[in-house]
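Notes for the one structure printed next.
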Amino acid sequence: MSPEAQRGKVIVMIVLGTLLCSDVLIVGLTVARKGLLYSGSSIVRFLFTVALCYAVFSGRTWARWLTVGLISIAFMMMAVFLFRTQHPLIIATTILFGAAASLLTFPPSVSAFFRHHRKRPNEIAS
């Protein structure tokens, strides 16, 4: 793996780790507020997020663009809420979604990481 692809791998790991940690926080807050019995949709969403992050880290291009699309939609929805309320959690989530979508889309090193995996489609990122 080239040094540029290695940098891309680090960026992807940071983005995915941050998204997963924030999702754990949000699911934890939902469970604490509603109880485990009424948090089924949040838990299913978290499991979907884990599977999608695994596919992105494995170098799947479709997962990268699906993640960027979903995060961008979430970013736009959070931006609307941001104008209504200035809650710190909404501000942090909006910034996180914007940064994550940008970091998965624009850096050439991230593209190099996915290009590396197109050459070796059946390997998990190592």
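Within the range 70-89, does at least one residue satisfy the condition of being touching a Leu at 6+ places or on another chain (Cβ under 7 Å), surrounded by 12 or more Cβ atoms within 10 Å (Cβ to Cβ) and under 30 Å from GLN6 (Cβ atoms)? The answer is no, given that none of the residues of the range 70-89 is touching a Leu at 6+ places or on another chain (Cβ under 7 Å), surrounded by 12 or more Cβ atoms within 10 Å (Cβ to Cβ) and under 30 Å from GLN6 (Cβ atoms). The residue that is modelled with the highest pLDDT, counting only those in the range 20-35 that are of a type in the set (Gly, Ala, Ser) and more than 26 Å from VAL56 (Cα to Cα), is ALA32. Applying a threshold of 6 Å to beta carbon distances and a minimum spacing of six or more residues, or different chains, the list of pairs starting in the range 44-64 at a residue that is over 18 Å from ARG118 (Cβ atoms) and in contact (Cβ under 8 Å) with a residue 12 or more places away in the chain and ending at one that is polar (S, T, N, Q) and surrounded by 14 or more Cβ atoms within 10 Å (Cβ to Cβ) reads LEU52/THR67. Here is the figure for the range 63-88: residues that are under 17 Å from LEU20 (Cβ atoms) and aliphatic (A, V, I, L, M) total 6. When we screen THR105, THR67, THR18, THR94 for residues that are within 14 Å of the chain's Cα centre (by Cα) and in contact (Cβ under 8 Å) with a residue 40 or more places away in the chain, the only hit is THR18.
The single residue among VAL50, VAL44, VAL56 that is aliphatic (A, V, I, L, M), more than 14 Å from the chain's Cα centre (by Cα) and assigned to a helix (DSSP H, G or I) turns out to be VAL44.
The values are calculated or read from the model by the stated rules, or taken from the named source; none is laboratory data. Just so we're clear, the structure is a prediction, and the values are computed from it rather than from any experiment. For neighbour counting, all protein chains shown are included, and Cβ atoms are generated from backbone atoms with ideal geometry for every residue, glycine included.
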